[in-house]
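Notes follow once the structure below has been shown.
The values are calculated or read from the model by the stated rules, or taken from the named source; none is laboratory data. Values in this document were obtained by computation on a predicted structure and should not be read as measured data. Here the Cβ positions follow ideal geometry from the backbone for every residue, glycine too, while neighbour counts run over all protein chains shown. Surface accessibility is based on the protein's heavy atoms, side chains included, excluding ligands, DNA and RNA. Shrake-Rupley method; radii C 1.70, N 1.55, O 1.52, S 1.80 Å.
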Amino acid sequence: MASSLRISRLISRSFSSTSFFSRGGNGFLGSRHCKYSTSSAIEEEPVKPSVQVEHTQLLIDGKFVDAASGKTFPTLDPRTGEVIAHVAEGHSEDVDRAVAAARKAFDHGPWPKMTAYERQRILLRAADLLEKHNDELAALETWDNGKPYEQAAKIEVPMLVRLIRYYAGWADKIHGLTVPADGPYHVQTLHEPIGVAGQIIPWNFPLLMFAWKVGPALACGNTIVLKTAEQTPLSALYAAKLFHEAGLPAGVLNVVSGFGPTAGAALASHMEVDKLAFTGSTDTGKVVLELAAKSNLKPVTLELGGKSPFIVCEDADVDQAVELAHFALFFNQGQCCCAGSRTFVHESVYDEFVEKAKARALKRVVGDPFKGGIEQGPQIDSDQFEKILRYIRSGVESGATLETGGDKLGNKGFYIQPTVFSNVKDGMLIARDEIFGPVQSILKFKDLGEVVQRANNTRYGLAAGVFTTNMDTAYTLTRALRVGTVWINCFDTFDAAIPFGGYKMSGQGREKGEYSLKNYLQVKAVVNPLKNPAWL
């Protein structure tokens, strides 16, 4: 894939496009499989991934090593609940070792002392290796996470490569300013790397979150200790190995697998970590922020939860709106922080929209994510699976109309039927809480003033979607919605250059684009008196 290909072309859904995942015919790995209403396909023997699990240890100071305790934990296949591999379980002692390696690499190693051009070349070589190993990375991602292989191989790994190349391009363009002062002084600012960055990534997009965190930190000259999610440790270990093959010095990128209350807490509260970045739930983000503040007051970037409104206006083409709203919610099994999980539909088209949304959900192709043509795989694990089913029961008990779905699918693994609720009210849990699953809640509204008030009436503020042909309406909503991203007639358009982050309790700071560099830099002012200057 050419480096100039914009990632948004792979993942965006404009109102004139059709869904990549709903195409018929033969798929990438096999024939198109059953719709969700038939569970027999899920009962078949799962496809054996064509990749070997090579790395299950911690990566510290350029070497794969066991946890100090010798403990391991199982990482599971969401298709079956069976063990894929046993992975080293990092604890505070391992975090100490990783931080010490990162500190040594920053204070005494070659990475921050290299020219920016040299760092850029290493990042570009890493991107080339990631691209070369596209299929292996995608297979590990699908095996460990359950997302469709076609999504991982054709969208997410290419986006990972694009992000690393994007940040490689920034490496030699980071510089300070010369500042005029009121007096005979030469004043300049230096943009310096912040030091050792602790990074904690989630399980829903392991490789992409790896890139969002690692790319800007390395481009700015920092060193890293990255903790993977305990559900999905495999792909980040493989990717980090490729960075070292590209020439990244030992200690610059360390990867610790483990659990939040142990390894994550140790990293967040570590006195030798200079910067922390976390992506995950809002409740866990609060804990991370508190640990950072109580230790050394390290700055923290947070990308947290969401309950994003998707607003379908009265002038909408209903068929197109249904398809886009379906994608906005069900993409990645609904396990997306910015999912359009509150579908607001104007009363004049509401009934038609509900019927067509139900029909589209019934056509959704659910099954083994390694099979071609599959739109939806299993949820990540039993905890998430049971949580989603509890929310579905809550929706029924609170009086929402269950249009379709509402139950598990098959007798093994963590598959859930694509579920659609209508007649949803703002006070219901399914309209307030982040479900993180394939559950679409459709709400009715009368006018723009009403929908703005209701859309903003949430603790979250991550993203929103607006579907309309009237640009005056679009711009009115764009400015009124208190969110970090507004997609107009598209959704989940992610480009390396577009910043992403939330308002309110959806986080603080921005990731991706030029804005993300600020997370990993410190500004130093240097003032020097001038004698008899020719000019000021």
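With each pseudo-label sitting 7 Å past Cα toward Cβ, what's the Glu290-Met271 distance in nm, one decimal?
Result for the modelled spin labels: 2.2 nm.
Want the number for Glu43 to Ser348: 0.36 nm per residue separation, take away the alpha-carbon distance, what's left?
So the chain would gain 105.6 nm between Glu43 and Ser348.
For the chain, which whole percent of the accessible surface, found with a 1.4 angstrom probe, sits on carbon and sulfur atoms? Let's see the in-between values first.
On the way: 10620 of 20810 Å².
On the chain, the fraction of accessible area on carbon and sulfur atoms equals 51 percent.
Taking each pair of different alpha-carbon atoms in region 329-407 once, compute 1/r for the pair, average those values, and report the inverse of that mean as the Kirkwood hydrodynamic radius in Å to one decimal.
14.3 Å
Taking the mean number of other Cβ atoms within 10 Å as a proxy for protection, how do you rank 411-418, 226-233, 175-182 from highest to lowest?
The packing order, highest mean first, is 226-233, 411-418, 175-182.
Which entry in (1) 24.6; (2) 24.0; (3) 27.1 is this structure's computed Kirkwood radius over Cα pairs in Å?
Read-out from the structure maps to (2).
Taking square-rooted eigenvalues a ≥ b ≥ c of the alpha carbon gyration tensor, is region 424-535 rounded, prolate or oblate, where a/c under 1.5 means rounded and, failing that, a/b exceeding b/c means prolate?
Prolate, because a/c is 1.5 or more and a/b exceeds b/c.
State which entries of Lys307/Lys444; Lys213/Lys425; Lys113/Lys241; Lys363/Lys444; Lys154/Lys371; Lys227/Lys408 exceed 26 angstrom in Cα-Cα distance in the structure shown.
Result: Lys213/Lys425; Lys227/Lys408 exceed 26 Å.
Principal axis lengths of region 309-494 from Cα atoms, whole Å, largest first?
Each principal axis gives a Cα extent; for region 309-494 these are 49, 35, 30 Å.
Could I have the simple spin-label model distance between Asp172 and Asp283, label points 7 Å from Cα toward Cβ, reported in nm to one decimal?
Output for this residue pair reads 4.9 nm.
Loop only by DSSP, 13 or fewer other Cβ within 10 Å of the Cβ. Give me the GluC sites (Glu not before Pro) in region 306-412 that pass, ordered by residue number.
Those that pass, being in a loop and sparsely packed, are Glu347.
Within region 168-185, find all residues whose amide N lies under 12 Å from a label point positioned 7 Å from the Cα of Val527 along Cα-to-beta-carbon.
Correct set: 181-185.
Considering only protein heavy atoms, what per residue accessible area in square angstrom results for the chain with a 1.4 angstrom probe?
I get 39 Å² per residue for this part.
Excluding Asn470 itself, what net charge comes from residues whose Cβ is under 11 Å from its Cβ, given Lys and Arg +1 and Asp and Glu -1?
Result for the neighbourhood of Asn470: -3.
List the equivalent ellipsoid semi-axes of region 140-246 in whole Å, largest first, each obtained as the square root of 5λ for an eigenvalue λ of the Cα gyration tensor.
Each semi-axis is the square root of five times an eigenvalue, giving 36, 14, 11 Å.
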